[in-house]
1. Give, in whole angstrom and from largest to smallest, the semi-axes √(5λ) of the equivalent ellipsoid of the stretch 62-138, with λ running over the eigenvalues of the Cα gyration tensor.
2. Looking at the stretch 4-63, which trypsin sites (Lys or Arg not before Pro) are in a loop (DSSP not H, G, I, E or B) and have at most 11 other Cβ atoms within 10 Å?
3. State whether the stretch 220-284 is rounded, prolate or oblate according to the following rule on the C-alpha gyration tensor (a ≥ b ≥ c being the square roots of its eigenvalues): a/c under 1.5 gives rounded; otherwise a/b larger than b/c gives prolate, and the remaining case gives oblate.
4. Place a +1 charge on the Cβ of each Lys and Arg in the stretch 24-138 and a -1 charge on the Cβ of each Asp and Glu, then give the dipole magnitude about the Cα centre in debye, rounded to the nearest 20.
5. With just the Cα atoms of the stretch 101-195, tell me how far they stretch along each of the three principal axes, in Å, largest first.
6. How much of the accessible area of the chain, in percent, comes from carbon and sulfur atoms when a 1.4 Å probe is used?
7. Kindly list the residues of the stretch 270-307 that lie in the label zone of D357, defined by a backbone N under 20 Å from the point 7 Å along the Cα-to-C-beta vector.
8. Separation between the K121 and E47 pseudo-spin-labels, each 7 Å from Cα along Cα→Cβ, expressed in nm?
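The values are calculated or read from the model by the stated rules, or taken from the named source; none is laboratory data. In this text the structure is predicted, and so the values were computed from the model without any measurement. Please note: Cβ atoms are built from the backbone with ideal geometry, for glycine as well, and neighbour counts cover all protein chains shown. We work out accessible area using only protein heavy atoms, side chains counted, and drop any ligands, DNA or RNA first. Shrake-Rupley method; radii C 1.70, N 1.55, O 1.52, S 1.80 Å.
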Amino acid sequence: MAGIAIVGLQWGDEGKGKITDFFSSKADCVVRYQGGNNAGHTVVVGEKSYKFHLIPSGVIQGKKVVIANGVVVCPKTLIEEIDMLHSHGIEPDLMVSDRAHVIMPYHRILDGAEEELLGKKKIGTTKRGIGPCYTDKIARYGIRMVDIIDEKRLKEKLDIVIPIKQRIFDSYGLGKIDEEKILREYVEYGKKLEKYVGDTIYFLNSIIDEKDIIFEGAQGFLLDIDYGTYPYTTSSNPVAGGICNGAGISPKKIERIIGVMKAYVTRVGMGAMPTEEKGGEGNHMAEKGHEYGTTTGRKRRCGWLDLVAAKYAVMVNDVDEIALTKLDVLDGLKKVKVCIGYEYDDDVIEKFPSAIDVLEKCRPVYEELDGWDGSCGKKKYEDLPANAKKYIDFISEWLNKPVGIISTGAGREDTILL
Ligand code: GDP
Ligand code: IMO
Ligand code: MG
């Protein structure tokens, strides 16, 4: 009888999908509350590997899954994901918010055009149209799920938004937008998805006092539009507080917050990353951790665990515990480093800066610890190498939070619960 938040504390890809799947066995319902198909959550169960962009990872455990109002939905991706589940013999018990905004073809095109215009300052987005879709939401001419299931309503909405978009397209030299083609395409999507669309706000509030609901974050705290490394962020609020807006849930209903954190850091796309290791150890992490994006296939940038950023993330999310993932990826390194401060302008700072040009100039101050080997696949805390335990203790003490879950492999069973 609780809301449980599972949120990423870094730049995404912390293993939220795996941790959500693990806890879903005991939950009744799993909810996505922000982001869109920029997310890529991989869940490995036995020989099978599932990749989700929109549907909450709890679907594999046969749980009710909800795409709430704060998500931006690409209907084509959603239909493909439902088809993928059918091919695995899974019939998703899915509900999609009628208020969720819909990603339109012009959003994807504008995402690409804006990136091109930014040139060297580009964000390195997933080009899924996420930013432009949230822009329309805030500008109040977005298209919502409730519109695509009603042809007349959709036509009225398109008649308003297409002339605005056409002006922008003209200024970029992007050609003519075919309103009729979009109308036909999205009416078809609407027909396929209609049976899943409903009022998720009333639904979630009707069950939250009786059932366990997991809120599965997408992206991570450092990509949050308000708290992240702006402007190198996404356009939504992955932070635990984002659940309230993104799912229509009171803050009083979130009883447990699990912060998912890799034993090192990765980042896809551009933007400062003080502990990035371009050489040897960074390559070790990338190769051993298979750090290639689930959504775009891009190689993820890798680096040492950044406890300045983590402390900031832990503070704002006020996590109850940390799920430390991919500990096994550090196996085999003689020494491991953790960043405990930033050198900036002859000073050492411990606060995560708000200005990106300051963060770009920050140099990490490291604590070096002895490495270990053989944590891979361990299922009991006692079986972990002594130096790996020291590493976990160091993190826990520094952040003043318990590490409650340790992940030592991609598989569901490679998980230690403390
Ligand atoms: P998410 O976006 O936060 O759900 O994370 P991703 O799924 O994009 O990236 C995490 C990747 O690491 C996936 O391929 C997982 O299967 C894998 N993974 C998760 N936990 C572990 C772990 O403890 N060890 C290893 N080696 N892989 C893991
Ligand atoms: P999951 O849920 C990692 C990054 C992009 C880019 C920035 C903005 O799998 O952790 P966007 O397309 O959102 O406008 O891109 O955010 N990004 C992610 N990086 N994991 C993700 O999701 C991401 N979703 C977006 O690479 O830097
Ligand atoms: Mg991912």
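1. On the way: eigenvalues 167, 42, 18 Å².
Each semi-axis is √(5λ); the values are 29, 15, 9 Å.
2. Details: sites: K16, K18, K26, R32, K48, K51, K63; in loops: K26, K63.
Those satisfying the criteria are K26.
3. Working: a/c = 4.15, a/b = 1.94, b/c = 2.13.
Oblate, because a/c is 1.5 or more while a/b does not exceed b/c.
4. On the way: 15 positive and 13 negative charges, 75 e Å.
Dipole about the Cα centre, nearest 20: 360 debye.
5. For the stretch 101-195, the Cα extents along the three principal axes come out at 44, 25, 21 Å.
6. On the way: 8810 of 17600 Å².
Of all accessible area on the chain, carbon and sulfur atoms account for 50 percent.
7. 270-274
8. 5.3
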